[in-house]
Amino acid sequence: MKTRRILPALLVVWLWVSSPSFSHIKFMNASLRFVSDVLSKIIPIDWLVPVLLLLGIPTLSFIFYLYLYIKEKNNDMSMLYLILATLSFLSLMVFALITSIGLSYLL
């Protein structure tokens, strides 16, 4: 498995570990805060940064692994990509719930 094929899964794992909702590891929370601060300097809309982080990473990971699942001819790798796509989809649903709760103040 090449490095670029494992990178979306590593990003989803990083998102799970660094999210303050699930983890209290200060270093990982600081890394998420750093990425959020960098994105907030690029994107001036304050509510868009958490949406991009919490929904963008799992969505791109889901699309990437679904594409690899469709493209792959080897049954074993195909099953691995299907499992990773499923986990990315479940992550997307969990982070969509967190985002909707977190952004409910805009209503």
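The values are calculated or read from the model by the stated rules, or taken from the named source; none is laboratory data. Here the structure is a predicted model, which means the values were calculated and not measured. Reconstructed Cβ throughout: ideal geometry from the backbone, glycine too, with neighbour counts over all protein chains shown. Heads up: the accessible areas ignore ligands, DNA and RNA and are worked out on the full protein's heavy atoms, side chains in. Shrake-Rupley method; radii C 1.70, N 1.55, O 1.52, S 1.80 Å.
Going highest first, how would you order 86-95, 72-81, 36-45 by mean Cβ packing within 10 Å?
Packing proxy ranking, top to bottom: 86-95, 72-81, 36-45.
Taken about its Cα centre, the range 33-79 carries a charge dipole of roughly 80 debye when the Cβ of each Lys and Arg holds +1 and the Cβ of each Asp and Glu holds -1. Entry note: the chain has Rg to Rh equal to 1.02, where both radii use alpha-carbon atoms and Rh is the Kirkwood radius.
Listed by chain and number, the lysines whose alpha-carbon sits under 23 Å from that of LYS2, ignoring those within fewer than 8 places in the same chain, are LYS71, LYS73. Measuring between their Cα centroids, the range 30-57 and the range 75-96 lie 23 Å from each other.
Carbon-plus-sulfur accessible fraction, the chain (probe radius 1.4 Å, protein heavy atoms only): 73%.
Heavy-atom accessible surface of the chain, averaged per residue, reaches 68 Å², computed with a 1.4 Å probe.
Karplus-derived 3J(HN,Hα) values for the range 59-68, using 6.51 cos²θ - 1.76 cosθ + 1.60 with θ = phi - 60°, are 5, 5, 5, 4, 5, 4, 6, 5, 4, 5 Hz; glycine and proline are entered as x.
A Cβ-based charge dipole, computed about the Cα centre of the range 3-107 with Lys and Arg at +1 and Asp and Glu at -1, lands at about 200 debye. Relative to the globular-protein estimate of 2.2 N^0.38 Å, the Cα radius of gyration of the range 1-61 stands at 1.16. Within a Cβ distance under 14 Å of PRO20, other residues only, what is the Lys/Arg minus Asp/Glu net charge? Around PRO20, the surrounding residues sum to +2.
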